[in-house]
Structure formats: structure tokens, C-alpha cells
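Visitor: The structure under discussion is supplied below as C-alpha cells; questions concerning it will follow.
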Amino acid sequence: MLSAPPLALIAPLVLIALLTLCTWQIAAHGPLRTYDERLGRAIAGSAFPSPVAEFLADLGNTAVAVPVLAVALGWAAWCARRAREPRWWLPPLAAAVAMAVVPALVVPFKALIDRPGPPGPLSGESGFFPSGHAATAAVAYGAAALLLHPFLRPRLRRPLLVAVAVLNVAVAAGLVRRGYHWPLDTVASWCLCGPLLWRVLKVLEVTWSDRSGQVDRSRATRDASG
């Protein structure tokens, strides 16, 4: 008899299920694809300022998002090493690997589904599902926030995570408004990259537990010597 998956696995499993649903509907020209394209045309034709949308879409460029992650990698590694945390290098390495995996996941998906783009600057081209820009933004900004989270003051931690979530929604809105992607292209990218961020979070939790264990051992040693 199969046992239920651990609670920690539910989130990535749900994301994978949503990605499977989106992929099936897009590939099979299902009703969800019809609604998606209708919504995409409505957003692209909205009154949202085009220059602002272009700016938001550009935040998903590797030339913008990856340097942000690189700064977070360096700062988190420096802070952790300065604090003499065990395996200080592991979270930055996990985040860097997650970022490197993004094109390895997105490019085959694009080639397999070969979805035509929306009417706009890239009309007539194909390979739009999922969105590489949305995936880059999700992992770069999401991993940066996770890396910085332990070193921030408690009152700043939740606002940072909320800001990253809003930023990713803004990037997606910009991509759709400018006609670079359909809405489900960006949603699929979030579902595809969510398990990568979940893996980074799990690595962080391991290092946090190592740090707590080191603190407890240090206190026990002081108590014994005292």
C-alpha cells in the first residue's frame, strides 16, 4: 500500500501537477488555451502604459536578474562565512545550480510544445511556452530572497518575500502586456521553477539546523566547563 507523500513534498507536487495540466491544455489546444489567449489579448490591448510594461518585462532579462542573484550569492556567502556557519558555501551553491538549471529545463519545453506567440513584436515566431524571462525572474529573485532571508532583521523578512512575489507578477504582466507571451506561458514558468526554489529552501533549512546544532553544542560545552 502506498503511503501519502510527506507534507513538505505537497507544494512541489502541486506545482508539477499544475505544470502538467497547463502543458496538456496548450499542446492539445484545450479550452484552457482558448481562455488563456482571450485573456492575453485583453491584457495586451489594455491601457496599461507600454513603456512601464517594457521596463517590467526587461526585469526578466538575464542581464538584469542574474547579476542581482550574483550579488545576493556573494553577500550571503560572506555573511555566512563571517559568522563561521558550517557549510556556509552550500546555500549559495544550491542557488547558483538552480539558476543554471533554468535554461536546461525551459529550452526543451519550448522545443517540444512549440507554441506560437501572441500578436505583437514577435508575431509569427514560435517556442513561447514556457517563458524564459518569467523563469529567470522567478529563480533569480526568488533564490536571492531566500539567501538573504536569514541575515535580515525579522521585520524585513516577510516584506522581502512579498516584494519578490509582486515583482514576479509584475514581470509576467509586462511580458503579456507587451505581447511577448501568453499568460499561461508565465504561469508554467512559475510551476516549473517552483520545485527549484523549494530545493534551495530545503538546503537552507539543513544549514540552519546545522547552525542551531552548533550553537547548542557550544552552549553545552560552556555549561559543562562552568
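The values are calculated or read from the model by the stated rules, or taken from the named source; none is laboratory data. Because the structure is a prediction, the values reported are computed rather than measured. Because the Cβ atoms are built from the backbone with ideal geometry, glycine has one as well, and the counts that use them run over all protein chains shown. For accessibility, only protein heavy atoms count, side chains too; no ligands or nucleic acids. Shrake-Rupley method; radii C 1.70, N 1.55, O 1.52, S 1.80 Å.
Visitor: Does any residue of the range 107-115 turn out to be of a type in the set (Phe, Trp, Tyr) and surrounded by 14 or more Cβ atoms within 10 Å (Cβ to Cβ)?
Guide: The initial filter retains those residues of the range 107-115 that are of a type in the set (Phe, Trp, Tyr), namely 109.
Still in the running and surrounded by 14 or more Cβ atoms within 10 Å (Cβ to Cβ): 109.
Yes, the conditions are met somewhere in the range 107-115.
Visitor: Taking the range 17-55 on its own, how many of its residues are open to solvent by less than 40 Å² (accessible area, probe 1.4 Å), of a type in the set (Lys, Arg) and over 15 Å from Pro130 (Cα atoms)?
Guide: Going through the range 17-55 one residue at a time, the tally reaches 0.
Visitor: Pull out all pairs, ordered by first then second residue, where Cβ-Cβ is under 8 Å, the residues are six or more apart or on different chains, the first lies in the range 23-35 and is at positive phi, and the second is charged (D, E, K, R) and part of a loop (DSSP other than H, G, I, E, B).
Guide: none
Visitor: Of all residues being touching a Phe, Trp or Tyr at 6+ places or on another chain (Cβ under 8 Å) and under 14 Å from Leu148 (Cβ atoms) in the range 60-74, which is surrounded by the fewest Cβ atoms within 10 Å (Cβ to Cβ)? Just the residue, please. Lay out the reasoning, then the answer.
Guide: Just the residues of the range 60-74 that are touching a Phe, Trp or Tyr at 6+ places or on another chain (Cβ under 8 Å), to begin with: 65, 68-69.
Then keep just the ones that are under 14 Å from Leu148 (Cβ atoms); that gives 68-69.
Values: Val68: 15, Leu69: 24.
Among them, the one singled out is Val68.
Visitor: Under 13 Å from the mean Cα position of the chain (by Cα), part of a helix (DSSP H, G or I) and of a type outside the set (D, E, K, R): is that true of Leu146 in this structure? Even if it seems obvious, please write down each step before you answer.
Guide: Numbers: under 13 Å from the mean Cα position of the chain (by Cα): yes; part of a helix (DSSP H, G or I): yes; of a type outside the set (D, E, K, R): yes.
It is true that Leu146 is under 13 Å from the mean Cα position of the chain (by Cα), part of a helix (DSSP H, G or I) and of a type outside the set (D, E, K, R).
Visitor: If the Cβ limit is 7 Å and pairs must be 6+ apart or interchain, which residue in the range 107-133 that is on the phi > 0 side of the Ramachandran plot pairs with which residue that is assigned to a loop (DSSP other than H, G, I, E, B) and exposed (fewer than 15 other Cβ atoms within 10 Å of the Cβ)?
Guide: Pairs found: Gly127/Asp114.
Visitor: Which pairs turn up if I take residues in the range 144-173 that are touching a residue at least 24 places away in the same chain (Cβ under 8 Å) and of a type in the set (A, V, I, L, M) and look for partners that are open to solvent by less than 60 Å² (accessible area, probe 1.4 Å) and not in a helix (DSSP H, G or I) with beta carbon separation below 6 Å, at least 6 apart in sequence or on another chain?
Guide: Between residues of the range 144-173 that are touching a residue at least 24 places away in the same chain (Cβ under 8 Å) and of a type in the set (A, V, I, L, M) and residues that are open to solvent by less than 60 Å² (accessible area, probe 1.4 Å) and not in a helix (DSSP H, G or I), the close pairs are Val171/Leu59; Val171/Gly60.
Visitor: To continue, here is another question. For the range 117-132, state whether one or more residues are modelled with pLDDT of 95 or more, part of a helix (DSSP H, G or I) and open to solvent by 30 Å² or more (accessible area, probe 1.4 Å).
Guide: Checked against the condition, which is being modelled with pLDDT of 95 or more, part of a helix (DSSP H, G or I) and open to solvent by 30 Å² or more (accessible area, probe 1.4 Å), the range 117-132 yields no hits at all.
Visitor: Moving on to the next point. Only residues that are crowded, with 20+ Cβ neighbours inside 10 Å and part of a helix (DSSP H, G or I): list them for the range 165-186, please.
Guide: Those that are crowded, with 20+ Cβ neighbours inside 10 Å and part of a helix (DSSP H, G or I): Asn168, Val171, Ala172, Gly174, Leu175, Val176, Arg177, Pro183, Leu184, Asp185, Thr186.
Visitor: Would you confirm, using the coordinates I've provided, whether Ala138 is of a type in the set (A, V, I, L, M), surrounded by 14 or more Cβ atoms within 10 Å (Cβ to Cβ) and out of contact with any Cys (no Cβ under 6 Å at 6 or more places or on another chain)?
Guide: On the way: of a type in the set (A, V, I, L, M): yes; surrounded by 14 or more Cβ atoms within 10 Å (Cβ to Cβ): yes; out of contact with any Cys (no Cβ under 6 Å at 6 or more places or on another chain): no.
Judged against the criteria, Ala138 is not a match.
Visitor: Quick check: is even one residue across the range 31-48 within 24 Å of Leu167 (Cβ to Cβ), aliphatic (A, V, I, L, M) and within 16 Å of the chain's Cα centre (by Cα)?
Guide: no
Visitor: Okay, next question. Would you mind stating whether Ala83 is at pLDDT below 95, of a type in the set (Gly, Ala, Ser) and surrounded by fewer than 16 Cβ atoms within 10 Å (Cβ to Cβ)? Can you show your working first?
Guide: Numbers: at pLDDT below 95: yes; of a type in the set (Gly, Ala, Ser): yes; surrounded by fewer than 16 Cβ atoms within 10 Å (Cβ to Cβ): yes.
For Ala83, the condition - at pLDDT below 95, of a type in the set (Gly, Ala, Ser) and surrounded by fewer than 16 Cβ atoms within 10 Å (Cβ to Cβ) - is met.
Visitor: Ok, one more. Among the residues of the range 110-138, which ones are in contact with a helix residue (DSSP H, G or I) (Cβ under 7 Å, 6 or more places away or on another chain) and either within 20 Å of Val66 (Cβ to Cβ) or hydroxyl-bearing (Ser, Thr, Tyr) (or both)?
Guide: Pro130, Ser131, Gly132, His133, Ala134, Ala135, Thr136, Ala137, Ala138
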